[in-house]
Amino acid sequence: MRNPPIMAALVVLAGCRLGESIATAPPDADQLDPATDGGDDDGDAGPCEPGRDGDGDGVADCDELGDGDPVTDPAVFNGLIATIGERPEVTGSCDALDDRAEMSDRFDPSVAEMPVIAGWEFDTAADSYDDPSYGFDPPWPTAQSGRFSVRFHGELALAAGTHCFAVDIGATGTDIINGRNGCGQVWVDAGASPDAPLAETGFGAASTDAATGCVAIDADGSYAVDLVFWYFNIFEQARFAVRHCAGAGCTPDAPITAAQVQARP
Ligand SMILES: [Ca+2]
Ligand SMILES: [Ca+2]
Ligand SMILES: [Ca+2]
């Protein structure tokens, strides 16, 4: 008879699956104190109500309060503000985004703007940013097709110390061909805050090495960040990937998650 061992194996397997599927107990709303989580800057969250997602960022109030992470706040949308700006003209050179004022002007007035919990990472042949392959969450209701620009703005929590960022649009050089005739930038308002992107890649970028940049953060805190994608050549893949790491000499390898950022103007 082979059945008993098989049955035993099935029971063991079922047991494992059962064990894995047991979710952590939901936080007890009465036990959650915004002060304990440290995440209620705005003072309007109050005791959480199970199942409610007051700020609409996809994470329930009680989960945001119960995670012990002050960045995830039931009263603050955790994500970034996505802004569609002007369309690159003539070329997609980084020269159009040389300093902060010029970069900001490209997105003011905006074509469209909304807070998103995802969308700052894509690699797609589609040219319309409302295509699902861009991964915007929520998705854009409409889009221009073809060349476009998008800026992601918010505050990123950073501990004191060195932080490095890298940006990749698929460029291997800084000329119009190898630079993909486009531009990707990371701005971090911290440290010496030079009036230039911390990291930049693409056509007209300062150098290929400029795709990675590091900043010394003096104190734990939240710092304004801008991730900028400037897309001209629609015959190239629309690719945008930003990576981060903490520590001197580190190699940026971690994507920025929605839980790390707050969509503040
Ligand atoms: Ca929420
Ligand atoms: Ca939290
Ligand atoms: Ca939140």
Notebook entry, point to check: Given (1) within 16 Å of the chain's Cα centre (by Cα); (2) farther than 26 Å from P132 by Cβ, where does G249 come up short, assuming only one miss?
Noted result: (1)
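Say we look at segment 52-69 and pick out the residues that are within 12 Å of Q262 (Cβ to Cβ) and crowded, with 20+ Cβ neighbours inside 10 Å; which of these is nearest to ligand 2 (Cβ to nearest atom)? Working first, answer last.
Within segment 52-69, the subset within 12 Å of Q262 (Cβ to Cβ) is 55, 57, 64, 69.
Retained after the next criterion (residues that are crowded, with 20+ Cβ neighbours inside 10 Å): 55, 57, 64.
Numbers: D55: 12, D57: 11, E64: 5 Å.
Step by step, filter segment 52-69, then rank; the result is E64.
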Item checked: The one condition in (1) surrounded by fewer than 21 Cβ atoms within 10 Å (Cβ to Cβ); (2) outside any helix (DSSP H, G or I); (3) more than 16 Å from ligand 1 (Cβ to nearest atom) that D95 fails to fulfil -> (2)
Notebook entry, point to check: Taking segment 72-89 only, how many residues are in contact with a helix residue (DSSP H, G or I) (Cβ under 9 Å, 6 or more places away or on another chain) and surrounded by fewer than 19 Cβ atoms within 10 Å (Cβ to Cβ)?
Noted result: 3
Note to self: I'm trying to understand the selection: among the residues of segment 49-71, which are assigned to a loop (DSSP other than H, G, I, E, B) and near ligand 1 (Cβ under 8 Å from one of its atoms)?
What the structure shows: D53, G54, D55, G56, D57, G58, V59, A60
Note to self: I need the full set of residues from segment 108-135 which are within 30 Å of S207 (Cα to Cα) and crowded, with 20+ Cβ neighbours inside 10 Å, in order please.
What the structure shows: G119, W120, F122, Y129, Y134
Notebook entry, point to check: Restricting attention to segment 67-90, which residues are β-branched (V, I, T) and closer than 25 Å to P194 by Cα?
Noted result: I81, T83, I84
Checklist line | Neighbours by Cβ (under 7 Å, 6+ apart or cross-chain): first from segment 190-217, within 21 Å of E236 (Cβ to Cβ); second part of a loop (DSSP other than H, G, I, E, B) and of a type in the set (D, E) | finding: F203/D175
Item checked: For S110: the one exception among (1) farther than 27 Å from Q262 by Cβ; (2) not in a helix (DSSP H, G or I) -> (1)
Notebook entry, point to check: Hey, among A75, A143, which residue is assigned to a loop (DSSP other than H, G, I, E, B), more than 24 Å from A205 (Cα to Cα), away from ligand 3 (no atom under 12 Å from the Cβ) and hydrophobic (A, V, I, L, M, F, W, C)?
Noted result: A143
Check: Any residue at all in segment 70-84 that is more than 11 Å from ligand 2 (Cβ to nearest atom), among the small types (G, A, S) and at negative phi?
Finding: yes
Notebook entry, point to check: Listed residues F165, F229, F235, F152; which is of a type in the set (F, W, Y) and without any contact (Cβ under 8 Å) to a residue 60 or more places away in the chain?
Noted result: F235
Check: Which of the following residues is under 22 Å from W187 (Cα atoms) and without any contact (Cβ under 8 Å) to a residue 24 or more places away in the chain: D105, D131?
Finding: D105
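Every number here is computed from the coordinates shown, using simple stated rules; none is lab data. Note that the coordinates shown come from a computational prediction; the quantities given were computed from them, not determined experimentally. So basically every Cβ, Gly included, is an ideal-geometry build from the backbone, and we count neighbours across all protein chains shown.
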